[in-house]
Amino acid sequence: MALAWQLATVVGIRLETPHVKSYALELPAWPGHRAGQHVDLRLTAEDGYQAQRSYSIASAPTGAPRVELTVERVKEGEVSPFLHDVVVVGDTFEARGPIGGYFVWEPDATAPLVLVAGGSGIVPLMAMLRHRATVGANAPATLLYSSRTASDVIYGAELDALATRGDGLRVVQTLTRQQPPGWSGYRRRIDRAMLAEVLAGAGENAAQAFVCGPTPLVEVVAQGLVGLGVPAQRVKTERFGPSGG
Amino acid sequence: MSDPQPIAAQFAPDAHALDGNAVGGLLAELFGTDVTGADCGCAHCGNVGPLGTLRVYVAAGIVLRCSACSGLVMRVMTRSDGSHLLDARGAAFIRR
Amino acid sequence: MSERYVTRGFVGRRAETAAATVGRVPPGQYVTSDFPVLSAGPTPHTALSEWTFTIDGLLAAPVTWRWDEFTELPTQDFVVDISCVTKWTKLNTRWRGVSLDRLLEHVQLEPAAAFAVAWSDGGYTTNVPLPDLLNGQAFVAWDYDGRPLAPEHGGPARLVVPHLYFWKSAKWVRGLRLLERDQPGFWESFGYHNRGDPWREQRYSGD
């Protein structure tokens, strides 16, 4: 069945960080989705000019005809500034999805889960963690999440809450540009040594890894994970292109 | 399946490359369904892996390359009327 | 095909194209201050110690320059507008390099030579009629905007043919082959226009 464009209505907008907003969309013909998939949005100007972008779905599958997208405002971008600066609740745009049968996490997976995110790469991984919490999965899971500063961390409070549920989730963060007083996480870009420490004893030989973020980060992490013993075919990547400004 | 080795030695990791997943919608328009999970055999080196793992480069058109050998697997261009052209000669097979 | 649906408030990048630039901007293009990176494959990295530029084909004898020899050829500064088939146009781009006129002084073309194919590290090719390369219309550049050309933009050196769509300005160029018959390159053999004149909006074959 080919993916058809349908009209999505914005039913909620939430500011996550100074540069990041989440949009709740209602899609009447939504077939449901799997954690890790994305939607394509298409915007059309009066004269017919169109722009299209892909955004990962942030919400877990719920059965309701609604998804949440989390979008970082890219200063030189064409679509994200429009979403951030112009779009209000009640607006509509064309959307199609869900897309992507490869970068998905299913709750029946029992392998230890390794999630590595850079910046807005956290979005599809958050869908996975939200889904994991909903279904009550408790196979061990580790999230390593890189952000520039504390104010850039998306879903910070929710991640803290998920990490204290006692269901085997461990959240490790690194802030690469500036750290608040008393910061106990890492203070540099993700590198092989950091991966080795974070993964130590995390069952890397049997792990299923998902890596998402700017392409350069994904390259370093994917190669690092394979070097640490995660089987290559169990390292799934979603590159976002060059890192944002 | 052979492991996705780093791209051939004379190329450095590319900041602009995407995964096949990123063009999943476009591929769905061409194939009529989501094919990002479908296995694809590289006609150059024989590497087999999901279409979602191909390296995507965006130029005048969209280029999909093998993650093992960087060989050209597919390319897609879109004309002004919205119709697409697909060259899949670099794919020895696609399996669903 | 598309419904008559319009997204409220969306205008896209074209809003940046000021009235002052009309007349300098080919039809269907918008002006950008960015320099988008578009590549058909991974960025090659050839060591300058191994880099060469070759002109061969329908010549009395082929010629090859090493990097140090090539960059010692008579150079010029070029300020040109460039237009990409993906609709962005960049005005007043500044380059430094050697014109094709200077390069072709080093060879003796056979009378039958009418077309050229530029070929690059990584396998990219593009074809240009010989007359489009002459009379100051084309150059090979290694400096952009006063600095060495970045690898993602085609460094160490790229072909620049500003009067045609920018896919003809082959990044990572390593040579030019002179031919009797036209030989469509990477995009020309796949739905794109064979010549690519932005002022006639020759984007796709059949345009």
* To do: List the residues whose amide H sits under 5 Å from the amide H of C:Gly175, counting only those 5 or more places along or on another chain, with H placed 1.01 Å from N in the peptide plane.
  => C:Thr54, C:Trp119
* To do: Report, to the nearest 10°, how far helix A:122-135 tilts away from the longest principal axis of the Cα atoms in chain A, using its own Cα long axis and a range of 0 to 90°.
  => 80 degrees
* Asked: Using mean Cβ contacts within 10 Å as the protection proxy, how do C:169-178, A:175-184 order, highest first?
  -> C:169-178, A:175-184
* Structure fact -> Counting only residues 5 or more apart in sequence or on a different chain, those whose built amide H sits under 5 Å from that of A:Thr237 are A:Val211
* Structure fact -> Cysteines of chain B without any disulfide-compatible partner (other Cys Cβ under 4.7 Å) are B:Cys40
* Extended-chain gain in nm, criterion 0.36 nm per residue less alpha-carbon gap, C:Ser33 and C:Asp197 -> 56.9 nm
* Structure fact -> When chain C is treated as a Gaussian network with springs between alpha carbons less than 10 Å apart, the largest mean-square fluctuation among C:Leu179, C:Leu159, C:Leu48 is found at C:Leu48
* To do: Set the Förster distance to 35 Å, then compute FRET efficiency between A:Gln179 and A:Lys75 from the Cβ-Cβ distance, nearest 0.05.
  => 0.90
* Asked: What list of ³J(HN,Hα) values in whole Hz, one per residue of the stretch A:90-104 in order, does the Karplus curve 6.51 cos²θ - 1.76 cosθ + 1.60 (θ = phi - 60°) give from phi, with Gly and Pro shown as x?
  -> x, 5, 10, 8, 7, 9, 9, x, x, 10, x, x, 9, 8, 10
* Using alpha carbon coordinates only, what is the Rg to Rh ratio of the stretch B:18-95, with Rh defined as the Kirkwood radius? -> 0.94
* Relative contact order, percent, of chain A when contacts are C-alpha pairs under 8 Å separated by at least 6 residues? -> 18 percent
* Structure fact -> Note: B:49-60 gets an average of partner chain Cβ contacts (10 Å, Cβ to Cβ) equal to 6
* In order through the stretch C:63-78: 3J(HN,Hα) via Karplus (6.51 cos²θ - 1.76 cosθ + 1.60), integer Hz, x for Gly, Pro -> 10, 10, 10, 7, 4, 5, 5, 5, 6, 9, 5, x, 9, 9, 9, 10
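If R₀ is 41 angstrom, what is the calculated FRET efficiency for the pair C:Ala114 and A:Glu197, using the beta carbon separation as r and rounding to 0.05? List each step's numbers first, then the result.
On the way: r = 63 Å, r/R0 = 1.55.
Here the calculated transfer efficiency is 0.05.
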* Please list the non-local residues whose amide H lies under 5 Å from the amide H of A:Ala141, H modeled 1.01 Å from N, same-chain partners needing a gap of 5 or more. => A:Leu113, A:Leu169, A:Arg170
* Asked: Can you give the Rg and Dmax of the stretch C:1-134 based on its C-alpha atoms, in angstrom?
  -> 19.8, 63
* Asked: Can you give the relative contact order of chain B as a percent, counting alpha carbon pairs under 8 Å and 6+ residues apart?
  -> 27 percent
* Dimensions in Å of chain A - Rg and Dmax from alpha carbons -> 17.8, 58
* Whole-Hz ³J(HN,Hα) from phi, Karplus 6.51 cos²θ - 1.76 cosθ + 1.60, for the stretch A:30-36, glycine and proline x -> 6, x, x, 8, 10, 5, x
* Structure fact -> Given 20 °C, 1.002 mPa s and a Kirkwood radius over Cα pairs, the Stokes-Einstein diffusion coefficient of the stretch A:6-99 in µm²/s is 160 µm²/s
* Structure fact -> Per GNM of chain A with C-alpha springs under 10 angstrom, the most fluctuating residue out of A:Ala206, A:Ala157, A:Ala117 is A:Ala157
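DSSP beta bridges in the protein assembly as shown, what fraction antiparallel, as a percent rounded to 5?
Percent antiparallel among DSSP bridges in the protein assembly as shown is about 75.
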* Structure fact -> If N is the residue count of the stretch A:113-239, its Cα Rg over 2.2 N^0.38 Å rounds to 0.97
* For C:Lys87, go through the lysines and keep the ones whose alpha-carbon is under 25 Å away, minus same-chain ones fewer than eight residues off. => A:Lys75, C:Lys168, C:Lys171
* To do: Obtain the nm distance between the two label points defined at C:Arg66 and A:Glu26 by a simple spin-label model: each point lies 7 Å from its Cα along the Cα-to-C-beta direction.
  => 7.2 nm
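Can you give me the orientation-averaged projected area of the convex hull built on the Cα atoms of the protein assembly as shown, in nm²?
Numbers: hull surface 105.3 nm².
Result: 26.3 nm².
Read-outs throughout are calculated quantities, based only on the coordinates presented, and are distinct from any laboratory measurement. This structure is a prediction, so every number in the text was calculated from the model and none was measured. Positions of Cβ are backbone-derived with ideal geometry, glycine not excepted, and every protein chain shown enters the neighbour counts.
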